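Asks: Sharing a structure here in structure tokens format.
The values are calculated or read from the model by the stated rules, or taken from the named source; none is laboratory data. What you are looking at is a predicted structure, and each value in this text was computed from that prediction instead of being measured. A quick note on method: Cβ atoms are made from the backbone with ideal geometry, for glycine too, and the neighbour counts reach across all protein chains shown. Protein only, heavy atoms only, side chains kept; ligands, DNA and RNA dropped before computing areas. Shrake-Rupley method; radii C 1.70, N 1.55, O 1.52, S 1.80 Å.
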Amino acid sequence: MLGYWLIESGEKERLMELLRERLIECGWRDEMKALCRSFTKKKGRENVTVDDLVQVITPKGRASVPDSVKAELLQRIRSFLASAAL
Amino acid sequence: MSPTTKITHAQNLPQPCPHLAEFRSRNGSKPFQVLQDCLRVKPPGGRASIRREPDEVPRCGACGESSRPRLYACVACAAVSCHAPPGPSHAAAHADSMSPGHEIAVDVDRAELFCCACRDQVYDRDFDAAVVLAQTTASTLGGKSSSLSSAIHCQQPENLRKRRRVDYRPWTPDLRERVLMGSCSSPLESSNSASDLPWGLRGLNNLGNTCFMNSVLQALLHTPPLRNYFLSDRHNRYFCQKRNGASSGTRKNVGNTDANGNKNARTCLACDMDAMFSAVFSGDRTPYSPAKFLYSWWQHAANLASYEQQDAHEFFISMLDGIHEKVEKDRRKPHSQGNGDCCIAHRVFSGILRSDVMCMACGFTSTTYDPCVDISLDLEPNQGGSTKVASTTKSSHSCIGETDSMNPRQSCGISTLMGCLDRFTRPERLGSDQKFFCQQCQMRQESLKQMSIRKLPLVSCFHIKRFEHSSVRKMSRKVDRYLQFPVSLDMAPYLSSSIIRSRFGNRILPFDGDGDEPDTSSNDLSSEFELFAVVTHAGKLDAGHYVTYLRLCNQWYKCDDAWITQVSENIVRAAQGYMMFYVQKMLYYKASENQVAG
């Protein structure tokens, strides 16, 4: 239900933008780019698909999100919950 | 070497997969035109997405999910499906069940084409052109759609003309020239075989806390274009002094003041450099005392004239300025727009930086160009989330000494020069206290700023901001954090053309860097650089020591004031880099370098 509310109200869209901004700022996106590049170099450009890349970097990506970013997003969701409950 | 062939900037165009090719031949580009109406470009950042209505929330037709990371809309029938490998892919199922003709879909959040049968991204020129058009429309004044090249083409520096390349031709002296050389010069003695040190390696005596000067001088003495300029007598100190003497009305050296009491009339840092080059490359190995140079520099930078330790970078800037000022007085050519025509210092070191400021409310972007003689980079403690990632690849053990081309930008949580450059060219949000006046909104708005390099200099000097002086807190501190730097550096990703291109995401771009970015399109090689000098600092902020490492004939030499020793590359890589000097690869001769006379 929360998921539905998040999306329908457009809050999810805003949270995604915020997340995107934070992940760029802290260099996370550059790091993922670098991982993709080294993977593609290893396998050869013709032998890599988008799905392969997603599969390879997802665990690393999830593990390397800085705690501060997680905390900030959680806080935003909490306040959204609080305001939605009213 | 064969005459330089024109290297066309070939963006490797991805070939369409069979399904896309089939789709195009069957439907032409009509479906893509329909999609154009659904393109929504959202400021800031201008990301393009596909929405039938502005507020539409796309959902998978099969499972009703709207929270999947990737949702694809079939280009043939507009059905939306999710795609979440290794889980179920309703997009692939749709392509299968409706086969043939429904394989091509578009990512609704990224406006990128995908082939559900091949399970990979595909690219189409017409589609990408439509997306790019929508994105550039958003960033131009009045929101009016305009031709792409004019949208990007803003305030070009006036004198960034294309330099016509001259073919390289090898030269050997003919008989007349041999005679001329023989009569007007004397051969240098070949260095004794015992010491195999290359030409131009000579210690510099410390004249009292002058290691800051010695370290920078060593780097400059071996800066290829600068070295070539002075060694080919382009600034002849005898002629220069004679000209000065004549203009001030007296030929005798009356101290350093001329008839007008102008102290700087006699001092010419370029002449002192010329003298130093002659001395250092003479073959004499005894340490040289750059006293005359120090004195001249004190004349120029009176506020820094003391026996206290100074900042090497500050000295570097001051020195370039001194050379420029003297030449400017003679020839009256200002350092405008970084064309480097004013003096040798700027010809070698001057580049152009581009700054784009984008309004977060409407997307309008304002661009300015500024010349620069170096790039100062922050060295912050936290670089990305890499401190949390334990790198499991092989590279984790060979961060030091690994070949540079394989190094990811940030591995094992170590700061790298390329990481610093990434951060330098990253979009940065200007705080609410730094609101920028937007021409389109006609009011101050929060904005996004992004730097990039419009024109690369012949020699790039990277200065790492290790010394922080806070006037607010009245304290200074030094950042000792280790910085990894490569021996070969490709600056292409930091060029304006690359940065602009990356704003559009994964697209085939109709403008391949022509017209607006001539330097990158005319020759790809000019973005590759080779490291030749590293100025390092060891010790505390107020009690430290500068040492320079020089790379000559692929050997590394440590220049510690009067002491020159050969060292291994590992020593250099482990040192604390403060200023790194890179020269364009074409000007760096790795193999030859046998500068033996005659």
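Asks: Could you tell me the accessible area of residue B:560 in Å² (1.4 Å probe, neighbours in place), rounded to the nearest ten?
Replies: Here the residue's solvent-accessible area equals roughly 40 Å².
Asks: Kindly flag which residue pairs out of A:33/B:449; A:41/A:70; B:465/B:540 have an alpha-carbon separation exceeding 26 Å in this structure.
Replies: Details: A:33/B:449 21 Å; A:41/A:70 31 Å; B:465/B:540 14 Å.
Over 26 Å Cα-Cα: A:41/A:70.
Asks: While we're on this one: Taking H placed 1.01 Å from N in the peptide plane, check which residues at least 5 places from residue B:578 or on another chain put their amide H under 5 Å from its amide H.
Replies: The list, which skips near neighbours in sequence, is B:535, B:536, B:537.
Asks: In the full protein assembly as shown, how much of residue B:267 is accessible to a 1.4 Å probe, in Å² to the nearest 10?
Replies: 10 Å²
Asks: Related question: Would you please put B:110-120, B:64-74, A:12-22, B:428-438 in order of how densely packed they are, using the mean number of other Cβ atoms within 10 angstrom per residue and starting with the highest? Let's see the in-between values first.
Replies: On the way: B:110-120: 21.1, B:64-74: 18.6, A:12-22: 15.2, B:428-438: 13.5.
My ranking of the peptides, most packed first, is B:110-120, B:64-74, A:12-22, B:428-438.
Asks: Sticking with this structure for a sec: Quick one: with all protein chains in place, what share of the accessible area of the stretch B:54-116 is carbon or sulfur, to the nearest percent (1.4 Å probe)?
Replies: With neighbouring chains kept in place, the figure for the stretch B:54-116 is 51 percent.
Asks: Another question, then. I need the Kirkwood Rh of the stretch B:422-515: take the reciprocal of the average 1/r across all distinct C-alpha pairs and report it in angstrom.
Replies: On the way: mean 1/r = 0.0584 Å⁻¹.
It is 17.1 Å.
Asks: With a point put 7 Å past each Cα toward its Cβ, work out how far residue A:4 is from residue A:81 in nm, to one decimal.
Replies: 1.8 nm
Asks: Chains A and B: buried accessible surface, both sides, probe 1.4 Å, rounded to 100 Å²?
Replies: Details: alone 6720 and 30360 Å², together 34630 Å².
It comes to approximately 2400 Å² buried between A and B.
Asks: On a 1.4 Å probe surface of the protein chains, which of B:295, B:546 comes out largest in accessible area, and what is the full order? Don't jump to the answer; show the numbers that get you there.
Replies: On the way: B:295 115, B:546 5 Å².
Highest to lowest solvent-accessible surface, that is B:295, B:546.
Asks: What does a probe at residue B:305 reach in the stretch B:201-242, counting residues whose amide N is under 20 Å from the point 7 Å along Cα→Cβ?
Replies: Within reach of a label on residue B:305: B:207-214.
Asks: Express in nm, to one decimal, how much length is gained between residue B:506 and residue B:480 on full extension, taking 0.36 nm for each residue of separation and deducting their alpha carbon distance.
Replies: Working: separation 26, 0.36 × 26 = 9.36 nm, distance 3.83 nm.
So the extension gain works out to 5.5 nm.
Asks: Quote to one decimal, in nm, the extra length available between residue B:178 and residue B:286 on full extension: 0.36 nm per residue of separation minus the C-alpha distance between them.
Replies: Details: separation 108, 0.36 × 108 = 38.88 nm, distance 3.09 nm.
My answer for the length gained is 35.8 nm.
Asks: Count, for each residue of B:108-114, the Cβ atoms from other chains sitting within 10 Å of its Cβ, then give me the mean as a whole number. List each step's numbers first, then the result.
Replies: Values: counts 0, 2, 0, 0, 1, 0, 2.
Mean shielding by partner chains, rounded to a whole number: 1.
Asks: Now for a different question. Across peptide A:25-37, how many C-beta atoms of other chains are within 10 Å of each residue C-beta, on average?
Replies: Working: counts 6, 6, 12, 4, 3, 11, 11, 1, 5, 11, 7, 1, 3.
For this peptide, the per-residue mean of nearby foreign Cβ atoms is 6.
Asks: If you don't mind, another one. Tell me, what is the FRET efficiency for residue B:63 and residue B:26 to the nearest 0.05, using R0 = 22 angstrom and their Cβ-Cβ distance as r? All intermediate terms of the calculation are to be shown ahead of the outcome.
Replies: On the way: r = 29 Å, r/R0 = 1.33.
Using R0 = 22 Å, I get an efficiency of 0.15.
Asks: I would also like to ask the following. Ignoring everything but the protein chains, give the 1.4 Å probe accessible area of residue B:564 in square angstrom, nearest 10.
Replies: Using a 1.4 Å probe on the heavy atoms, I get roughly 40 Å².
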